[in-house]
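Chemist: Quick one: the structure is below, and I'll ask about it shortly.
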Amino acid sequence: YAVDTAEMRRLIATADKIGWDFVRSSSALPATVTAEVWQLLGNKTFVAHTSTDKAVQAQLTFPEPGKITTDMQVSAWVKGSIVESRRAFFEKWFSNQLRVIHFDHSGSFGQPVEVAAKLDLSGMDTGNLYFYSYDKKTNRYTRIQEPDYLIDKNGYLHFTTELAGDIIVSDGPLVRKTPNIFFRSGPPFRNNVGPLCLFPFPSARSGHSG
């Protein structure tokens, strides 16, 4: 689904009168914003909602849209077959409580994007959450060092990331079920060995920023 470029042009042209809060996308389908729209948005904050069952699953806030020069998918999911598949994959190899947010975009957003996701965090130590970005193509995951996360009064988990792909939210640092397998840089492991950590784990940090 491509966000209607003509409609976005109209909204942007009248945004100073109607308010920039109206210049956003909301879709229950995978959504793509074109390069033209990103350039028209310039330095105005842009918000993209992914909604199902009359509720927002996830919201992405782009602080500098004009820096994006290509078409980009802006949908994100906390439910569905891809989410369940990624969670099962990581739970096979790690003993932590895990939750997954799937971005249709992979790689980097090119800027820090604020995400708000409606996750069920029951049973997790919400004061010690760790965030990782997993790239299925390379079978690598990278820790998001400063997610600056919080949970709002409506139960949405807010955090910041430049990395897309699949976001793995872990109760503490990931703990391997088979600790004698080395983590190293280089070619990704085969799928029957599990995902590869791109960087060695830093020491655990206290505090609410994960």
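The values are calculated or read from the model by the stated rules, or taken from the named source; none is laboratory data. Since the model is a prediction, treat every value here as computed from it, not as a measurement. Don't worry about glycine lacking a Cβ; one is built from the backbone with ideal geometry, like all the others, and counts go over all protein chains shown. Side chains included, ligands, DNA and RNA excluded: accessible areas come from the protein's heavy atoms. Shrake-Rupley method; radii C 1.70, N 1.55, O 1.52, S 1.80 Å.
Chemist: Run the simple label-point estimate for Glu146 and Leu121 please: 7 Å along Cα→C-beta, distance reported in nm.
Modeler: That separation, rounded to one decimal, is 2.0 nm.
Chemist: Separate question: Need one number: nm distance between label points at Lys136 and Glu162, each 7 Å from Cα along Cα→Cβ, rounded to one decimal.
Modeler: Modelled inter-label distance: 2.5 nm.
Chemist: Please report the accessible area of Leu60 (heavy atoms, 1.4 Å probe, ligands and nucleic acids excluded) in Å², nearest 10.
Modeler: 0
Chemist: If I model the range 21-133 as equal point scatterers sitting on the Cα atoms and use the Debye formula, what is log10 I(q)/I(0) at q = 0.14, 0.16, 0.18, 0.24 Å⁻¹?
Modeler: Cα-only, vacuum Debye calculation for the range 21-133: -0.62, -0.79, -0.96, -1.40.
Chemist: Please find the FRET efficiency linking Glu84 to Gln111, where r is the Cβ-Cβ separation and R0 is fixed at 41 Å, and quote it to the nearest 0.05.
Modeler: Details: r = 29 Å, r/R0 = 0.72.
Efficiency computed from Cβ-Cβ geometry: 0.90.
Chemist: Next question. Per residue of the range 47-58, what does 6.51 cos²θ - 1.76 cosθ + 1.60 with θ = phi - 60° give for ³J(HN,Hα)? Whole Hz please, x for Gly and Pro, Karplus curve as stated.
Modeler: Once θ is set to phi - 60°, the couplings for the range 47-58 become 10, 10, 9, 10, 10, 9, 6, 6, 9, 7, 6, 8 Hz.
Chemist: Would you pull out the residues with amide H under 5 Å of Ile144's amide H, same chain only if 5 or more places away, H placed 1.01 Å from N?
Modeler: Counting only residues 5 or more places away or on other chains, the set is Phe131, Tyr132, Ser133.
Chemist: How far apart, in nanometres, would the label points at Asn43 and Asn128 be if each is projected 7 angstrom from Cα along the Cα-to-Cβ direction?
Modeler: 4.3
Chemist: For the range 77-118, compute Rh as the Kirkwood radius over C-alpha pairs and then the Stokes-Einstein diffusion coefficient at 20 °C and 1.002 mPa s; write the answer in µm²/s, rounded to an integer.
Modeler: 182
Chemist: Moving on. Over 19 Å between Cα atoms: which of Lys44/Lys153; Lys67/Lys137; Lys54/Lys118; Lys54/Lys136; Lys67/Lys136 fall into that group?
Modeler: Lys44/Lys153; Lys67/Lys137; Lys54/Lys136; Lys67/Lys136
Chemist: What FRET efficiency do you get for Gln97 and Lys54 if R0 is 22 Å and r is their Cβ-Cβ distance, rounded to the nearest 0.05?
Modeler: The formula returns an efficiency of 0.20 here.
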